[in-house]
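Quick note: the coordinates plus some simple rules give every number you see, no bench work behind them. None of these values were measured; they are calculated from a predicted model. Cβ atoms come from the backbone with ideal geometry, glycine included; neighbour counts cover every protein chain shown.
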Amino acid sequence: MVVILRRIKYFMELIVDLHIHSHHSRATSKNSNIEGLYYWAKIKGINVLGTGDFTHPAWFAEMKEKLVMTDEGLYKLKDEITKEIDKTLPQSVRNNLIRFVPTVEISNIYSKGGAVRKLHNVVVAPNLEIAAKINSKLDRIGNLKADGRPILGMDSKHLLQITLDSHPDSLFFPAHIWTPWFAMFGSKSGFNSIKQAFEDLAPEIKVIETGLSSDPYMNWRLDELQKVTVISNSDAHSPQKLGREANILACKPIYKEIIKAIKTNNDDFIGTIEFFPQEGKYHFDGHRLCNISFSPEETKKHKGICPVCHKPLTVGVDYRVGEIADHPESYKPAKHKKVEYIIPLVEIIAQMLGKNVQTKPVWAEYKKIYETLGEEFSILRKISTDEIMKGGFVELARVITRMRRGDVYIEPGYDGVYGVIKFFRNDIERQQAGPQMSLGL
């Protein structure tokens, strides 16, 4: 008998979130320190997390003090710190692998092509030594101490060149590329193509970030974006927001393998975990102060003018994609990466209890659920609804089933107002949905 041995590829699903902020960025939580990021990454089920803000001197010093390089080219929190944090975590989430990689978002504001351009870009460095070299060059251009996301008066192309020169394994990507005010394709200050923005360096753009108000399908309507890797990240300003969007990879937790998968869009890059794009705060057009929210069709009908104040509307992502897309709204590539939609667990709980997401009962229920069932991503994506029911959360299982099949009601976001994704049309429908989900009820 002849036995044929086949090499089975190592598989480990990694959840990767590269775009976040520390407490040194404006409008961020004081809990966005290294310990807070580690703690919440455990609860969320994130494996590889960007540090954010590596250009800020105080944050850089904290990273050097508390992080150590592993043999895999990633960073981990020092053992004596993790032991203390893990004592405060339930056993259900303690085994989740957490690694860090140095990252920063930079706000580039400059003139080009007769217009003021405002682009946010993310830089990923393979180690803190390379990050320090990048910081040294950027420190000559602007003030790195003022904000964790520094504002620099330099062309995005120049920042890309600095990143390319720093190390072959560094990564640059334009952030949330459709956001009206600060993005490569933004309606207020962006460009109409990668080539317009980056000129002869356009081929070096291997990766773009969707942002909360778009999803990969919207991006793939542009032929040029089918030639790059489309990634999604949380852009979290508090540790509780980590992973609201993220990337799914199937490789070992090794820096070089992760970066290669992302840069080349190879089979190790599985796809992305997404907000419903309508929940993003710039999906539709409108005026927040005038309480006007328009679909692209309505905006065209009103010729881009607010019917209340008679000033130009803030044109959102859905409209902007349609302006420069090569394909219609219904288009999907014949072959594409996986796209999963989630609603953060705390938002699901708030809807089910009929309470504000910031209230104590909502967070108490959230804690009870992950203590029983494990990390959030497993609950939202992996654990069977039977298991969720057996854990005592019968109605939660039903609602997660609806989320997984996209059976939701949507009120799109606009002009800085987050959209609302609902499972129930109103309180009456919520009350009729079934028993309370809480343990013991």
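Here are a few things to note about the model shown:
- Order of Cys251, Cys309, Cys290 under a 10 Å beta carbon neighbour criterion, fewest first: Cys309, Cys290, Cys251
- If you run the Gaussian network model on the chain, springs between alpha carbon atoms under 10 Å, then out of Tyr409, Tyr255, Tyr110 the most flexible one is Tyr409.
- Ile20, Ile349 arranged by Cβ crowding within 10 Å, fewest neighbours leading: Ile349, Ile20
- One quarter of the convex hull surface built on the alpha carbon atoms of the stretch 163-269 amounts to 7.5 nm², the projected area averaged over directions.
- Restricting attention to the chain, close to 70% of DSSP beta bridges with both partner residues there are antiparallel.
- Gyration tensor over alpha-carbon atoms, the stretch 116-217, equivalent ellipsoid semi-axes in Å: 22, 16, 13
- Once the gyration tensor of the Cα atoms in the stretch 173-231 is diagonalised, the equivalent ellipsoid follows with semi-axes of 16, 14, 9 Å, ordered largest first.
- Ranked list, fewest to most other Cβ atoms within 10 Å of each Cβ, for Leu74, Leu164, Leu212: Leu164, Leu74, Leu212
- For the stretch 225-347, the equivalent ellipsoid derived from the alpha-carbon gyration tensor has semi-axes of 34, 19, 11 Å in decreasing order.
- The charge dipole of the chain, taken about the Cα centre with unit charges on the Cβ atoms of Lys, Arg (+1) and Asp, Glu (-1), comes to about 140 debye, rounded to the nearest 20.
- Separation of alpha-carbon centers, the stretch 76-117 and the stretch 25-54, rounded to whole Å: 5 Å
- Most positive-pole-ward Cα, Phe393, Trp363, Ile348, against dipole of the stretch 343-431 from beta carbon charges: Phe393
- Distant alpha-carbon pairs in the stretch 343-431 (separation over 16 angstrom), percent: 55 percent
- Beyond 21 Å in Cα-Cα separation lie the following of the pairs Lys252/Lys337; Lys137/Lys241; Lys83/Lys260; Lys157/Lys227; Lys66/Lys137; Lys133/Lys256: Lys137/Lys241; Lys83/Lys260; Lys66/Lys137.
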